[in-house]
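What follows is a set of notes on a single structure, which appears directly below.
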């Protein structure tokens, strides 16, 4: 029996396979054109199926938790970079994951942690491969490329139990760029930061095999990645309203949405009530930075066309979403009777996806039929 | 072997049992003093263990998803109100849950849904008990108590397949009160709203057995609940920084926190980096409404004392938390070396908890030892 969207419980997480394939093909072409390896960040998709479509069965991958690393290692991926600064207490688990994924790589920017990594590597009988985290302007983690800490860090990672695998940075501040030109400029700063760090390491006699950059905006709009070996965009597989507002994709590229049911009409307050709230959509309101009025998500017909003009989720409570026009324009209540369904495009798909155990996969792009078939269920790895 | 906090992976969700018991005892005393039944909202705790401590083995409970209803029904709770407006497509699942929990009750404020409930009740061979949702000023869901829709809704729910179980409201706007006096005023409006609806129904010959109010602030500060039969606070079992800012609890009452590891120091940017970010803490920033500077959470020593003065999580990315002073005051880096641990009090515990599959339970209150033993793991029911 064919399952369709109409058969699914709500809220459910819907993945449009054709849009996913298009998005992956676009980024694969970018990596080819720029002459770098694509090491996608699976913190967004947290799915072995999506990873395999992007890079094949072994990797390379980037992950944000050791739960992801363990999941992808079990699924056969061997080349995995865990790109959140390492906590010493996680080294035993990392060593266990390396039995399935010998290409596991860690990151740090801290000398005490670097020493703990080498020490525990010796104790555990493994050699941890570690990249030094470089800050290219985001100001979250990492040392500046010209920091006096760079060579001591490399030395600490060159002791038995550890080895220096390279340098890594992330231009997350590109998400707040005001124009594509600004993204391109930040991409060049991102490149220059790791190039400088790599050249300082090499001048000191260190091997620096991996020179890694990555964020979806800079991966899309970098002019050159000469000297860089790999890029780690993550969001691009699905995109979301934040990326659309930033200019990285169109609405028709957003591959993930939340299927919700209309549960009531409130004419006096001019809103539809849906059963997707702060947990089903997340409370991330970042997309409003570039597109005010986005609220907690834009609303489509269940078939997944483009967003309905002027309709957005204006407020959320834990399990309630309030869908309105945000203007004096009245909601077209007759078009959305109680029991009918909508799909909500997410503000920030990394946060929204994290609430779901699986994707319900549909085939079809922008002009999908109103009630597409569900062709697969793909699992996700959440938590830690 | 005794497991302690120091043995847990990070991030982990920590529950202080003594604070939980104190919070439950306080609300039980309130319900007794006010002469109403306590029907706690388990959308916060999503835990059978917590439910049992609050109301014993059968209920009464309130839930926010049918996944919760099914979980509590399996655990032996029979009297459960699903307090989110019903979607017609969920009726088959509700009927299945009623086999274990015959006291399942639904809510609606919509005449088309009410008719669908009765119709499907007949088709499924069950009688759905339904409360009419009343709006007492929140403006999210429900009809006004004086609405002309009240009696037609009651009539639609008096057809075979359904029965009118009562009226229910939620003064969620009490969360935005500026003073305790304002909460008390809103509590009285909440009471008056359901009393008016109940009296109109009774005057029309309808039975209206349940007259239900509920929100943690109004439950704590109502002067009287005369005429009301039950209250449904939820957050009170744990409390959080929002409730502390509102004046509903002290910092020393907050029973749930996130255990995190320090993974780096950034002296130039004056922040500690921890491995609890937007997923581990949630991106809910509501607590800043009453306590500016709260950021994404206040920070305690791992033993769970009161928050460290001036230290808060000022920014989060998916798996990164940036802990700083928010002032020119320098962070005491020496007190928090890489690899050391902290506990973060959540802004909004309903959102934070939803990312975790379980609680690690510790015993002890305000002056817990620095490395308390983990006395139990309690599961949670997430998703839909």
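Looking at chain A, send over the antiparallel percent of its DSSP beta bridges, to the nearest 5.
Details: 30 of 57 bridges.
Roughly 55 percent of the DSSP beta bridges within chain A come out antiparallel.
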If you rotate chain B onto chain A, whose Cβ in B ends up lying nearest the axis, and how many Å away is it? B:283, 3
Rank the residues B:86, B:98 as a footprinting-exposure proxy: fewest other Cβ atoms within 10 Å of their Cβ go first. B:98, B:86
With n ≥ 4 as the cut-off for DSSP H runs, can you work out [θ] at 222 nm for chain B, using -39500 (n - 2.57) per run divided by the number of residues, rounded to the nearest 500? -8000 deg cm²/dmol
Distance between the range A:4-21 and the range A:329-354 - C-alpha centres, whole angstrom: 13 Å
In degrees rounded to 10, the 0-90 angle between helix B:111-124 Cα long axis and the longest Cα principal axis of chain B is 80 degrees
Using the number of other C-beta atoms within 10 angstrom as an exposure proxy, rank A:261, A:282 with the fewest first. A:261, A:282
Taking Cα centroids, how far is the range A:73-98 from the range B:31-47 in Å? 43 Å
Dimensions of the range A:45-97 along principal axes (Cα, Å, largest first)? 33, 18, 14
Tell me, rounded to the nearest percent, the portion of alpha carbon pairs in the range B:18-236 spaced more than 27 Å apart. 28 percent
By DSSP, what percent of the beta bridges with both residues in the protein assembly as shown are antiparallel, rounded to the nearest 5? 55 percent
Extending each Cα 7 Å along its Cβ direction at residue A:251 and residue B:182, get the distance between those two points in nm, one decimal. 3.7 nm
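Assuming a ≥ b ≥ c are the square roots of the Cα gyration tensor eigenvalues, decide whether the range A:161-205 counts as rounded (a/c under 1.5), prolate (otherwise, with a/b larger than b/c) or oblate.
oblate
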Calculated SAXS-style log₁₀ I(q)/I(0) at q = 0.14, 0.29, 0.31 Å⁻¹ - the range B:186-236, Debye, Cα scatterers: -0.34, -1.08, -1.18
Measuring from label point to label point, each 7 Å out along Cα→Cβ, what is the residue B:92 to residue A:159 span in nm? 6.3 nm
Per q in 0.12, 0.22, 0.23 1/Å, what log10 I(q)/I(0) does a Debye calculation on the alpha-carbon atoms of the range A:206-266 return? -0.45, -0.90, -0.94
Can you tell me which of A:313, A:323, A:84 moves the most in a GNM of chain A? Springs connect C-alpha atoms under 10 Å apart. A:84
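Out of every Cα pair in the range B:245-384, what percent are spaced more than 26 Å from each other?
Working: 1863 of 9730 pairs.
Everything past 26 Å amounts to 19 percent.
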Rounded to two decimal places and with Rh computed the Kirkwood way over Cα pairs, what is Rg over Rh for the protein assembly as shown? 0.98
The range B:16-83 pair-distance distribution - Cα-Cα, 5 Å bins, rounded %: 4, 19, 30, 24, 16, 8, 0
Along the Cα-to-C-beta direction of residue A:376, a point sits 7 Å from the Cα; which residues of the range A:30-58 have their amide N less than 13 Å from that point? A:47-57
Taking Cα pairs under 8 Å and at least six residues apart, what relative contact order does the range B:18-236 come out at, in percent? 20 percent
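With a ≥ b ≥ c taken as the square roots of the eigenvalues of the C-alpha gyration tensor of chain A, please select rounded if a/c is under 1.5 and otherwise prolate if a/b is larger than b/c or oblate if it is not? Spell out each step's value before the answer.
On the way: a/c = 2.30, a/b = 1.88, b/c = 1.22.
Because a/c hits 1.5 or more and a/b exceeds b/c, chain A counts as prolate.
What ranking, highest mean first, results for peptides B:193-203, B:230-240 when packing means the other Cβ atoms within 10 Å averaged over each residue? Please report the intermediate quantities before stating the final value.
Working: B:193-203: 19.3, B:230-240: 26.3.
Packing proxy ranking, top to bottom: B:230-240, B:193-203.
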Alpha-carbon centroid distance for the pair the range B:109-141 / the range B:161-223, whole angstrom: 18 Å
Roughly what would the spin-label model give for residue B:149 and residue A:305, points 7 Å off Cα along C-beta, in nm? 2.7 nm
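Relative contact order for chain A: what percent, with Cα pairs under 8 Å and sequence separation of 6 or more? Before the final figure, lay out each step's value.
Details: 931 pairs, mean separation 75.3, N = 384.
Reported as a whole number, the value is 20 percent.
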Taking Cα atoms only, helix B:17-34 is inclined relative to the longest principal axis of chain B by an angle, in degrees rounded to 10, of 30 degrees
Shielding of B:109-115 by other chains, given as the mean Cβ count within 10 Å, works out to 5
Peptide B:304-317, shielding by other chains (average Cβ, 10 Å cutoff): 1
Roughly how tilted is helix A:180-203, in degrees to the nearest 10 and between 0 and 90, from the longest Cα axis of chain A? 20 degrees
Given label points at 7 Å from Cα along Cα→Cβ, what nm distances, shortest first, separate residue B:327 from the same residue in every other copy? 4.7
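Just tell me how shielded A:220-228 is by partners: mean number of partner chain Cβ atoms within 10 Å of each residue's Cβ, no decimals.
The per-residue average across the peptide is 0.
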Going by a ≥ b ≥ c, the root eigenvalues of the Cα gyration tensor, does the range A:295-369 fall in the rounded group (a/c under 1.5), the prolate group (a/b larger than b/c) or the oblate group? oblate
Sorted by Cβ density within 10 Å, fewest first, the residues A:1, A:251: A:1, A:251
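Values quoted throughout were computed directly from the atomic coordinates according to the rules given, and no laboratory measurement underlies them. Computed from a predicted model, the values in this text were never measured in an experiment. Heads up, the Cβs are rebuilt from the backbone with ideal geometry, glycines too, and the neighbour counts pull from every protein chain shown.
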